[in-house]
Amino acid sequence: MEKAPALHDVFPDFRSSTAKPAAKMKETVQSIQFAEGVQRALEQFWVKLDLPQFSAKGNAEVDAFALAARELLSISLQDQLDAKDANAFYLVCRKKIEDAGIFVLHDSFPE
């Protein structure tokens, strides 16, 4: 998206098995506001990265985009095979993403 949706817009939450439109919880709004604050603070130091733009329309295009992103970030199949579990692979991916100059903000909040 060019711009994030308004904080108080109501959207279906697809993390739930019974997705339905609902307002965002206070913690969710706070997390989004924190991330936006970090983004604004960093804009003065911004170095434009040549990242692939996601415009995939079907499974084959999604697969091709994912492969291009993995290649750009040097995330190999061997990295994935060597990871003992999903969390270990997440940490490998996060490190490689951050090594590329991309800030990763990780937060947890309720549905």
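The values are calculated or read from the model by the stated rules, or taken from the named source; none is laboratory data. Predicted model only: the values in this text are computed from it and were never measured. Every residue, glycine among them, receives a Cβ derived from its backbone with ideal geometry; neighbour counts consider all protein chains shown. Accessible surface is based on the protein model in full, side chains and every heavy atom, while ligands, DNA and RNA are left aside. Shrake-Rupley method; radii C 1.70, N 1.55, O 1.52, S 1.80 Å.
So, in region 50-87, how many residues would count as being over 17 Å from the mean Cα position of the chain (by Cα) and surrounded by 12 or more Cβ atoms within 10 Å (Cβ to Cβ)?
Counting residues in region 50-87 that are over 17 Å from the mean Cα position of the chain (by Cα) and surrounded by 12 or more Cβ atoms within 10 Å (Cβ to Cβ) gives 6.
Does any residue in region 90-111 that is on the phi < 0 side of the Ramachandran plot and open to solvent by 100 Å² or more (accessible area, probe 1.4 Å) come within less than 6 Å, Cβ to Cβ, of a residue that is acidic (Asp, Glu) and at pLDDT below 95 six or more places away or on a different chain, and which pairs are these?
Within 6 Å, the pairs are Glu111/Asp13.
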